[in-house]
Structures are given as C-alpha cells and as structure tokens.
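Notes follow the structure.
The values are calculated or read from the model by the stated rules, or taken from the named source; none is laboratory data. If you're wondering where the values come from, they're calculated on a predicted model, not measured in any experiment. Positions of Cβ are backbone-derived with ideal geometry, glycine not excepted, and every protein chain shown enters the neighbour counts. For accessibility, only protein heavy atoms count, side chains too; no ligands or nucleic acids. Shrake-Rupley method; radii C 1.70, N 1.55, O 1.52, S 1.80 Å.
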Amino acid sequence: YPIELYGLTATDTFHYLPAAHHLEQRRSDQTLSELGDASFDQQWITTAPLVIVVTGVVARTEAKYGGVAHDLMLRESGHVVQNILLQATALGLAAVPVGGFDPAVIERLMAFPPGEEPLYLIPVGYPR
C-alpha cells in the first residue's frame, strides 16, 4: 500500500502504523512553524492543533503497476484525504487539504526515508 500518514502537533510527531492501528511517536524537532514556512506562509498550518501529513511511496506499487504506479498512488492519496475530511466534518472539526508546499523542504523537515514523498498537508482544528 503506497500511502503513509503522519500527525504533527505543537509538541509531538506521530507515524500511523495501520497493521497495529497504532501511533508511533517520532522525533519532534520539526515545528508547525517550519511546515507553514515550507507551505508558502500559509499560516493556518502553523496554528492548527494538528497537521496530518500524507505521503506516498511509489515503489510499493511499481512492481505490479509499472509506469502508472505514480498516478495510482496520487489517486489513492486523494481517496485517503477525502475520507479524512469527511471524518473531520463528522466530528465537528475543520480540515482543509493543502497541496501548495515545497516538497524538498517537507522531506527534509520530516526526515522521510528515501522514496517517500509528501503529497498533502491537512491542518485540522475547531471551526471558529
């Protein structure tokens, strides 16, 4: 499965492990402010209580799907993001998908393994 999910708060960073339905705490020296800077100063990222980072690993689907693997990974990420947005709404939260960011900066900040690329940032919080 090509999609990975991370959650960042003001103090912590987590990686979702679907097989165990568990959050793994990761190093947390990156900040929401840095994510906001990497997102062309979209400041709602810096003030959100949670930012979900959706990434993809195209190599996981290349063996089966070859040249269309990247497109399929992008489609799958869209399905994941839509479900996150629907669940946020069901919980009375506000969430918005953000695709405008510098992927190289996000990769560096988050220290992703090689081949893992950021696809979306989703700030989540309470509506005003």
Given the conditions (1) within 15 Å of VAL105 (Cα to Cα); (2) touching a helix residue (DSSP H, G or I) at 6+ places or on another chain (Cβ under 8 Å), which single one is not true for ASP41?
(2)
Hey, HIS22 farther than 20 Å from PRO114 by Cβ and either touching a helix residue (DSSP H, G or I) at 6+ places or on another chain (Cβ under 6 Å) or open to solvent by 20 Å² or more (accessible area, probe 1.4 Å) (or both) or not
yes
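A quick yes/no check of all residues on (1) at pLDDT below 95; (2) farther than 14 Å from GLY99 by Cα; (3) among the β-branched types (Val, Ile, Thr):
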| position | (1), (2), (3) |
| --- | --- |
| GLY7 | no, yes, no |
| THR11 | yes, yes, yes |
| HIS22 | no, yes, no |
| SER28 | yes, yes, no |
| LEU35 | yes, no, no |
| VAL81 | no, no, yes |
| GLN87 | no, yes, no |
Picking from ALA19, ALA88, ALA10, the residue that is more than 12 Å from the chain's Cα centre (by Cα), small (Gly, Ala, Ser), in a loop (DSSP other than H, G, I, E, B) and under 19 Å from ILE122 (Cα atoms) would be ALA10
Filter region 38-85 for residues that are acidic (Asp, Glu) and open to solvent by 60 Å² or more (accessible area, probe 1.4 Å); the one that is farthest from GLY125 (Cα to Cα) is GLU62
